[in-house]
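Engineer: Please read through the structure below; I'll follow up with questions.
The values are calculated or read from the model by the stated rules, or taken from the named source; none is laboratory data. Note that the structure is predicted; figures quoted are calculated from it, not measured. Here Cβ is always computed from backbone atoms with ideal geometry, including for glycine, and neighbour counts include all displayed protein chains.
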Protein chains: 2
Amino acid sequence: MDKPSAVGEHALVGIDWGSSNLRVALLDAQGQVLQRRDSTAGVFTVRDGNFASALWPLCGDWWAGHRVPLLACGMVGSRQGLVDVPYLPCPAGAADLARALVQASLQPPASAPAGTTATLHIVPGLQTGDAATGHDVMRGEETQLLGIATGTAALAVLPGTHSKWIDRGADGSVHDFQTYLTGELFDLLSHHGSLARVMAPPQWSAQAFDAGVGEARDGRLEDRLFRVRTAGLMDRFAAAALSDYLSGLLIGAELKAGLRRFATLARQGPVTLLGAPALVRRYARALQAFGHPVQAGPDDAVFTGLATIARTAGLLQTAASPSPRLEARP
Amino acid sequence: MDKPSAVGEHALVGIDWGSSNLRVALLDAQGQVLQRRDSTAGVFTVRDGNFASALWPLCGDWWAGHRVPLLACGMVGSRQGLVDVPYLPCPAGAADLARALVQASLQPPASAPAGTTATLHIVPGLQTGDAATGHDVMRGEETQLLGIATGTAALAVLPGTHSKWIDRGADGSVHDFQTYLTGELFDLLSHHGSLARVMAPPQWSAQAFDAGVGEARDGRLEDRLFRVRTAGLMDRFAAAALSDYLSGLLIGAELKAGLRRFATLARQGPVTLLGAPALVRRYARALQAFGHPVQAGPDDAVFTGLATIARTAGLLQTAASPSPRLEARP
């Protein structure tokens, strides 16, 4: 970090550290991903707050070898993480996130070479809502969102355990957002309780998925959930198709609620989907059944976003545009 | 069973055998409960199909000692039970249930006195809906419902793991019904996943419960579920109140869906609540917040219902009105 980096040179370790996954990338000064590695060492698996020991096996070579800054987003900045980084209020964009980075001490293992950096920079999450009506929060998705092209307002949907619907302005800042518990409900109902009891290991059934989406679109989720069980009891669908029927019902109910919650923005253009490809395909299929246009965002949006924040914060120095180093900030 | 019984004489063992509970009562020929006993030996706890061994410790003395018929309702008549009794289609009343009783062999233990009956009579469940739109089913609630006074049409709500809303005609027969997964969702979300993680052991909070009911009434459950987590993160409610906030949201969403599903019947009079007193109190409070009148049904409705079915089937012979014994039926 003593001199600006050129294209292809190691310049940043980007870390997407969620509840159940840890994804890292080695980036050059232009924000291009040079290497990527994934693991399941999510925040909730870290023991005794020893985050350095969880990170070291995955990318200790980059961390110790290249002496480049480490920038992380996600649940690592939560109460269950390395340090509880305060949420920023909306609207918030890249400049706000960059200004509010928090540095946490990440003690390298005793075996690490002398001079290995002991600082982890953490991107804050965002909050919306108020005390009267309740809040909503995100950690990590604000960074992924920066991987979508700016210039026009966008309704972005990031499906997952906690699916996020984000109203993003033309300038790239987050105006408002809404969390849906869809993935978590799917996991709970697929592994516990009376619906799980009639399910067999899933084999993709477009018919069952589409039926679920259609019933959620035309009715209420509350009225339909128990039908997953009776569809098994009465052989309406094969036991191996019930998982997709449930998936269709839950995703359909999310779309119905989200398209109503963000009705104005939804009318202005396609929904941008960002997330794991298998899940993006399901949401795209369901949105098309709702008659709504979709487009898929880039797969490595989170690392583009981390590079953008790093550049704005002066953590990434390019030969072309040197900027102040974060260490010099108050 | 060789001679008609008089008031106060043992005439029937009534058995309400659900997934997670086993409740038994000793009844006289008028259907009056002489003794009641409860246990947690629900159908899902029975090992290797040995239902007799599960029943014997709770009421072997009645079973062997009085030589009266055993009549059961609930999940004991399901695929996971002693025998899979076919569902009856709606509309169905006491006469239909009585005609469709199924006899299953319930071998008494070797230590039982000679002559101990080895027959369990089982009440069938009901089904509604069709293959195109999906079915709904019940087992046990059809019998509980017979404990409510007839004469006028009634919208009955039986809250529980699987809450049942029942459209019952003036003649006492079930016309239609709808299951809500409310209790199961509450259990899953209270014990697993991201909402459970912010909850403390519950202490009743009317404020949090009422807030949940109100938000479900005025909005959509999908939009509110994650707020249980943020209410904990942001200290909107105490951690010990979050359980009641979730309970209010889920019950409120059920009421909204149910009052719409049965809108015509709901306008005709109060909702009759039937179930565990603590749960009935929650539903009554929530229905009142919806501006809807309520009345509570009798606590031992299921045994009144079993007595009614037994009498109709000729299993209960009163001195005043002898009727054919079931054993004489084809």
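Engineer: When the residues of the range A:1-52 are narrowed to those that are among the hydroxyl-bearing types (Ser, Thr, Tyr) and crowded, with 17+ Cβ neighbours inside 10 Å, which ends up modelled with the highest pLDDT?
Structural biologist: That would be A:SER19.
Engineer: Hey, another quick one. Take the conditions more than 24 Å from A:ASN21 (Cβ to Cβ), within 14 Å of chain B (Cβ to nearest Cβ) and modelled with pLDDT of 90 or more and apply them to A:VAL198. Does it pass?
Structural biologist: Criteria met by A:VAL198.
Engineer: Output the qualifying pairs, or none if there are none: Cβ atoms under 7 angstrom, residues six or more apart or on different chains, first residue in the range B:126-139 and facing chain A (nearest Cβ under 7 Å) and under 18 Å from A:SER194 (Cβ atoms), second residue among the aliphatic types (A, V, I, L, M) and outside any strand (DSSP E or B).
Structural biologist: B:GLY134/A:ALA231; B:HIS135/A:MET234; B:VAL137/A:LEU233
Engineer: Can you tell me which of (1) in contact (Cβ under 8 Å) with a residue 60 or more places away in the chain; (2) surrounded by fewer than 17 Cβ atoms within 10 Å (Cβ to Cβ) is the one B:ALA156 doesn't meet?
Structural biologist: Only one criterion is unmet by B:ALA156, namely (2).
Engineer: Of everything in the range A:166-188 that's crowded, with 24+ Cβ neighbours inside 10 Å and without any contact (Cβ under 8 Å) to a residue 24 or more places away in the chain, which residue is farthest from the other protein chains (Cβ to nearest Cβ)?
Structural biologist: A:ARG168
Engineer: Here's something else I'd like to know. Check off (1) under 21 Å from the mean Cα position of the chain (by Cα); (2) hydroxyl-bearing (Ser, Thr, Tyr); (3) at pLDDT below 95 for B:THR318 and give me the number that stays unchecked.
Structural biologist: Here B:THR318 meets the rest and fails (1).
Engineer: Could I ask something else about it? Could you please give the count of residues in the range B:271-286 that are over 13 Å from B:PHE209 (Cβ atoms) and touching a residue at least 40 places away in the same chain (Cβ under 8 Å)?
Structural biologist: Total meeting the criteria: 7.
Engineer: Test each condition in (1) within 20 Å of B:ALA301 (Cβ to Cβ); (2) more than 14 Å from every other protein chain (Cβ to nearest Cβ); (3) in contact (Cβ under 8 Å) with a residue 40 or more places away in the chain for B:GLY151 and report the one that comes out false.
Structural biologist: The failed condition is (3).
Engineer: As an exercise: evaluate A:VAL85 against (1) without any contact (Cβ under 8 Å) to a residue 60 or more places away in the chain; (2) under 25 Å from A:GLN144 (Cβ atoms); (3) not in a loop (DSSP other than H, G, I, E, B) and give the number of the one condition it does not meet.
Structural biologist: All conditions are met except number (3).
Engineer: I've got another one for you. Out of the residues in the range A:243-257 that are more than 15 Å from A:ALA284 (Cα to Cα) and within 12 Å of chain B (Cβ to nearest Cβ), state the one that is surrounded by the most Cβ atoms within 10 Å (Cβ to Cβ).
Structural biologist: Checking each candidate, the answer is A:TYR245.
Engineer: Would you be able to tell me the number of residues in the range A:222-242 that are of a type in the set (Val, Ile, Thr) and surrounded by fewer than 24 Cβ atoms within 10 Å (Cβ to Cβ)?
Structural biologist: 1
Engineer: What number of residues in the range A:76-89 are of a type outside the set (Asp, Glu) and surrounded by fewer than 21 Cβ atoms within 10 Å (Cβ to Cβ)?
Structural biologist: Residues meeting the conditions: 6.
Engineer: Another question about this same structure. Quickly run through the range A:5-44 and pick out the residues that are part of a strand (DSSP E or B) and free of Cβ contacts under 8 Å to residues at least 60 places away in the same chain.
Structural biologist: A:HIS10, A:VAL13, A:LEU22, A:VAL24, A:LEU26, A:ASP28, A:LEU34, A:GLN35, A:ARG37, A:ASP38, A:SER39
Engineer: Would you tally the residues in the range B:219-235 being closer than 17 Å to A:MET138 by Cα and either β-branched (Val, Ile, Thr) or at the interface with chain A (Cβ under 7 Å from one of its Cβ atoms) (or both)?
Structural biologist: Within the range B:219-235, residues that are closer than 17 Å to A:MET138 by Cα and either β-branched (Val, Ile, Thr) or at the interface with chain A (Cβ under 7 Å from one of its Cβ atoms) (or both) number 10.
Engineer: Being in a helix (DSSP H, G or I) and more than 29 Å from A:GLY193 (Cβ to Cβ) narrows it down to one of B:ALA64, B:ALA54, so name that one.
Structural biologist: B:ALA64
Engineer: Return only the number of the condition from (1) out of contact with any strand residue (DSSP E or B) (no Cβ under 7 Å at 6 or more places or on another chain); (2) modelled with pLDDT of 95 or more; (3) among the acidic types (Asp, Glu); (4) closer than 18 Å to A:TYR87 by Cα that A:ASP210 does not satisfy.
Structural biologist: Status for A:ASP210: all satisfied but (4).
Engineer: Report, by residue number, each residue of the range B:19-58 that is touching a strand residue (DSSP E or B) at 6+ places or on another chain (Cβ under 9 Å) and basic (Lys, Arg).
Structural biologist: Matches in the range B:19-58: B:ARG23, B:ARG36, B:ARG37.
Engineer: Which one is surrounded by the fewest Cβ atoms within 10 Å (Cβ to Cβ), of the residues in the range A:100-145 that are in a loop (DSSP other than H, G, I, E, B) and at pLDDT 95 or above?
Structural biologist: This residue is A:ALA100.
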